[in-house]
Amino acid sequence: MSSHPKVYIIILNWNGLADTSECLQSLQKISYSNYQAVIVDNGSNNDEGAILQQQFSDYVNVIQNKENLGFSGGNNAGIKYALQQSDVAYILLLNNDTVVTEDFLTKLIVRAESNPKIGVVGPKIITPGGDIQPECARNLPTLWDHYCLNTFLNRIWRRSNIFNHYYLGGFDRLTPRKVELVLGAGMLIKKEVFDRSGMLDERFFLCGEDVDFCRRVKENDYSIYYEPRSVITHKVSQSMKKRWYPSLLEGFINDYRYYQKHDGRGKATGYRFIIWLTAPGRFLLIEPMFLLTKFLLGKQKKPAIGYFTRLRFLFDIYRWRSLLDQRNN
């Protein structure tokens, strides 16, 4: 690599002081030196932004949002700040519930600098137990993919490029490759990509913003690469665990919004029909079987609560129009 372009690392904090501190501590050990860490505090309680500024002093710049603007809105505050800096070459979106390896950023930059048409690069993302999160390298979704996901056909035929197209079939995620979608928990983006593709769409409050963004990147003729030599550990959606049920519902509604935005009302209606068709089997039969299995294996303490939560979700799915109206107000 002939140069070390400046990277602005945007980390969103929402009532996650301990996770954000651990993430920053891991960043302080990385080998790549030309970067600036930017914390966006998304309306946290207990003045966490000020605590982080005091704890890490000149190492971070802290931006304070007065309220929770969601994943997209919060990150956009950091992106706007970074784009105003004269030396910015790349922006890295990094979840606060991640821990990075020493050379993760170097590997991402090397891949991004290898081809001017590469606009986005994503790392290999693993769980604390060492399992690879399949979401770190995916195809953009189709209606068929959603049918397979909701009937669990993709889990039955994991190596099939037909039934598991969304998760790239038999791809083991051990080699670099061009993909259509990487996970927003770790995403390196060239500055010029924002000029053509725009920032994150704030209508996607939580979930789905990475799918929408990568689609726009692809439509603007940039490539998206998965780079497994760059590794981060992700504690898996800590903000979603704090609001599990709303996050699940938000995910389905944002999928609908994605189709409506990019493919028109016809495909959006098709998506809604697929959910209506598959929801009873999934939430009355398949999901309870998984809950029972997890309970028998000691991984689920209160299966009845999980079951009734899924029944509530099934009820809400059939109130689709009123839910959409609430989100659009």
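The values are calculated or read from the model by the stated rules, or taken from the named source; none is laboratory data. As the structure is a prediction and not an experimental result, all values here were calculated from the model. Quick reminder, even Gly has a Cβ in these numbers, built from the backbone with ideal geometry, and neighbours come from all protein chains shown.
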- Going through the stretch 184-230 in order, the residues found to be outside any helix (DSSP H, G or I) and hydroxyl-bearing (Ser, Thr, Tyr) are Tyr222, Ser223, Tyr225, Tyr226, Ser230
- Task: Being farther than 13 Å from Asn95 by Cα and touching an Asp or Glu at 6+ places or on another chain (Cβ under 7 Å) narrows it down to one of Gln53, Gln25, Gln64, so name that one.
- Result: Gln64
- Message: Taking the conditions exactly as written (in contact (Cβ under 8 Å) with a residue 12 or more places away in the chain, in the same structural domain as Lys80 (by TED's automatic domain parsing) and buried (at least 23 other Cβ atoms within 10 Å of the Cβ)), does Ile11 satisfy them or not?
- Response: yes
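Condition check ((1) at pLDDT below 95; (2) surrounded by fewer than 15 Cβ atoms within 10 Å (Cβ to Cβ); (3) not assigned by TED's automatic domain parsing to the domain that holds Arg196) across all residues:
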{"site": "Ala37", "(1), (2), (3)": "no, no, no"}
{"site": "Ser44", "(1), (2), (3)": "yes, no, no"}
{"site": "Ile51", "(1), (2), (3)": "no, no, no"}
{"site": "Ile109", "(1), (2), (3)": "no, no, no"}
{"site": "Lys117", "(1), (2), (3)": "no, yes, no"}
{"site": "Val120", "(1), (2), (3)": "no, no, no"}
{"site": "Ile125", "(1), (2), (3)": "no, no, no"}
{"site": "Pro128", "(1), (2), (3)": "yes, yes, no"}
- Message: I need the full set of residues from the stretch 74-131 which are of a type in the set (Val, Ile, Thr) and not in a helix (DSSP H, G or I), in order please.
- Response: Val88, Ile91, Thr98, Val99, Val100, Thr101, Ile118, Val120, Val121, Ile125, Ile126, Thr127
- Message: Exactly one of these conditions fails for Phe71: (1) outside any helix (DSSP H, G or I); (2) modelled with pLDDT under 95. Give me its number.
- Response: (1)
- Quick one: in the stretch 293-302, of everything that is in a helix (DSSP H, G or I) and out of contact with any helix residue (DSSP H, G or I) (no Cβ under 6 Å at 6 or more places or on another chain), which residue is modelled with the lowest pLDDT? Lys294
- Query: Out of Tyr307, Tyr222, which single residue is modelled with pLDDT under 75 and either surrounded by 12 or more Cβ atoms within 10 Å (Cβ to Cβ) or more than 29 Å from Asn96 (Cα to Cα) (or both)?
  - Reply: Tyr307
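Take the residues in the stretch 185-201 that are of a type in the set (Gly, Ala, Ser) and within 17 Å of the chain's Cα centre (by Cα); name whichever of them is nearest to Arg111 (Cα to Cα). Talk me through it step by step, then tell me what you get.
Taking the stretch 185-201 and keeping what is of a type in the set (Gly, Ala, Ser), we get 185-186, 197-198.
Retained after the next criterion (residues that are within 17 Å of the chain's Cα centre (by Cα)): 185-186.
Numbers: Ala185: 18, Gly186: 14 Å.
Among those residues, the one meeting the criterion is Gly186.
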- Query: Does the stretch 225-262 hold any residues that are at pLDDT 95 or above and among the β-branched types (Val, Ile, Thr), and which are they?
  - Reply: Val231, Ile232, Thr233
